[in-house]
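The values are calculated or read from the model by the stated rules, or taken from the named source; none is laboratory data. Note that the coordinates shown come from a computational prediction; the quantities given were computed from them, not determined experimentally. Note that we place each Cβ from the backbone using ideal geometry, even for glycine, and neighbour counts take in every protein chain shown.
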Amino acid sequence: MAKKHRIKIIKRFLFIFLILGLLLTHFFIPRLISEIRNPIVGLIKRNRNVSHKLITNEDSEIKRKTIVIKSFDNIKLSASLTYSDVDPIKGTVILLHGIRSNKDHFKGLSSLLSKNGYNSVALDLRAHGESEGQFCSFGVNEKKDVTKLIDYLYEKEDLNYIGIWGQSLGGAISLQAMGFDARLKFGIVESAFSDFKTIVNDYFHRYAGFSFAPFSNYLVNRTGNIAAFNPNEAKPIKYCENITQPVLIVHGNDDKRINIKYGKDNFFKIKSTDKEFLVVDTANHTNVWNVGGEKYFNKVISFLDKHAAANSSLSLVKK
């Protein structure tokens, strides 16, 4: 009798454990993917891109201001607009950070761009920094937020030669935004994924030690339901087919989080004939700036200057 009683208790325990596991899988684990402001999710340590110490002159005189725009779905988005310290202005660069980062990550870069003749606009992505929102949609909504930001820059700041520079999540959003809004004249894309479902499956394998696509796809579909977006639309590689603008794709060849093969997949799908793939040797997902160093930033500034000069020449011809 005692043995039967113990077996009954064990069965009940396993049943309760199974139910709790199913509830956790259905309701909580998907929130780990997209809910940025969940206080429990916030306790989980995530890797962020490492800021490189950019050597610039004293930037106390550089003109900056915070702007607030409204997204297509009425969410307030905060951005920091840094003006060029050089006249004439060469162009404007929208800066997009990685997941769980914010616009302050770009303070040094915005100073460097200012000293080289570029305005920059560092945007707090929805649910990040000082922007409103609860969930990240991995580009589905964010690309539309970029369009609203471009509207603001056109209408309120009278700026029209605008490009984009994004890291990781920001890079994936940049590709989607360039394919969605042709007013973006150029792009610099660092360490971006090509397909949301694929990268979630990769992360599952990385942290669990194995992967099972039907299960990871279930989690992705659940996070889409919770955050109210279609995860099948979070597919930068699909938007690459619409990109005709000049673009520089950058990836570290030691990136364990987003494999360099996804950067190459994006690159080969880009329709533009003015494109370049830059490998940062030994760089991982978070330290492209540090490993690339001054040589890397000089490369990017050269890329910007080349297309700014071409745009200026074209404008003169049109006049």
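So is ARG37 crowded, with 16+ Cβ neighbours inside 10 Å, under 19 Å from the mean Cα position of the chain (by Cα) and either outside any helix (DSSP H, G or I) or at pLDDT below 75 (or both) or not?
The answer is no for ARG37.
Exactly one of (1) at negative phi; (2) aliphatic (A, V, I, L, M); (3) out of contact with any His (no Cβ under 8 Å at 6 or more places or on another chain) is unmet by LEU169. Its number?
(3)
If VAL86 meets every condition in (1) in contact with a strand residue (DSSP E or B) (Cβ under 9 Å, 6 or more places away or on another chain); (2) part of a loop (DSSP other than H, G, I, E, B); (3) under 30 Å from PHE28 (Cα atoms) apart from one, which number is that one?
(3)
Starting from region 249-275, take each residue that is surrounded by 14 or more Cβ atoms within 10 Å (Cβ to Cβ) and list its partners that are at pLDDT below 95 and among the basic types (Lys, Arg), counting only C-beta distances under 8 angstrom and pairs at least six apart or across chains.
ARG257/ARG206
Would you say ALA177 is of a type outside the set (Lys, Arg) and surrounded by fewer than 19 Cβ atoms within 10 Å (Cβ to Cβ)?
No: the conditions fail for ALA177.
What single numbered condition from (1) surrounded by 16 or more Cβ atoms within 10 Å (Cβ to Cβ); (2) part of a strand (DSSP E or B) fails to hold for VAL279?
Every condition holds for VAL279 apart from (1).
Out of region 222-253, which residues are among the polar types (S, T, N, Q) and either in a strand (DSSP E or B) or more than 19 Å from PHE180 (Cβ to Cβ) (or both)?
Hits for region 222-253 are THR223, ASN225, ASN253.
Name the one entry in THR223, THR286 that is closer than 30 Å to ASN38 by Cβ, surrounded by 22 or more Cβ atoms within 10 Å (Cβ to Cβ) and of a type in the set (Ser, Thr, Tyr).
Only one candidate passes the filter, namely THR223.
Kindly list the number of the only condition in (1) charged (D, E, K, R); (2) over 22 Å from ASN298 (Cβ atoms); (3) outside any loop (DSSP other than H, G, I, E, B) that fails for LYS107.
(2)
Would you confirm, using the coordinates I've provided, whether PHE27 is part of a helix (DSSP H, G or I), modelled with pLDDT under 70, among the aromatic types (Phe, Trp, Tyr) and surrounded by fewer than 16 Cβ atoms within 10 Å (Cβ to Cβ)?
No; evaluated as a whole, the condition is false for this residue.
Out of region 222-238, which residues are touching a Leu at 6+ places or on another chain (Cβ under 9 Å) and closer than 15 Å to PRO30 by Cβ?
Selection gives THR223 alone.
Within the set of pairs 6 or more residues apart or between chains, which connect a residue that is over 15 Å from ILE188 (Cα atoms) inside region 156-173 to a residue that is aromatic (Phe, Trp, Tyr) and not in a loop (DSSP other than H, G, I, E, B) with Cβ atoms less than 7 Å apart?
ASN160/TYR154
Just one of (1) outside any loop (DSSP other than H, G, I, E, B); (2) on the phi > 0 side of the Ramachandran plot trips up SER114, so point out which.
Against the list (1) outside any loop (DSSP other than H, G, I, E, B); (2) on the phi > 0 side of the Ramachandran plot, SER114 comes up short only on (2).
Which residue is farthest from ILE164 (Cα to Cα), if the candidates are limited to region 187-221 and must be aliphatic (A, V, I, L, M) and not in a loop (DSSP other than H, G, I, E, B)?
For region 187-221, the residue satisfying everything is ALA208.
Given the criteria within 24 Å of ALA228 (Cα to Cα), in contact with a Gly (Cβ under 7 Å, 6 or more places away or on another chain) and hydrophobic (A, V, I, L, M, F, W, C), does ILE164 qualify?
no
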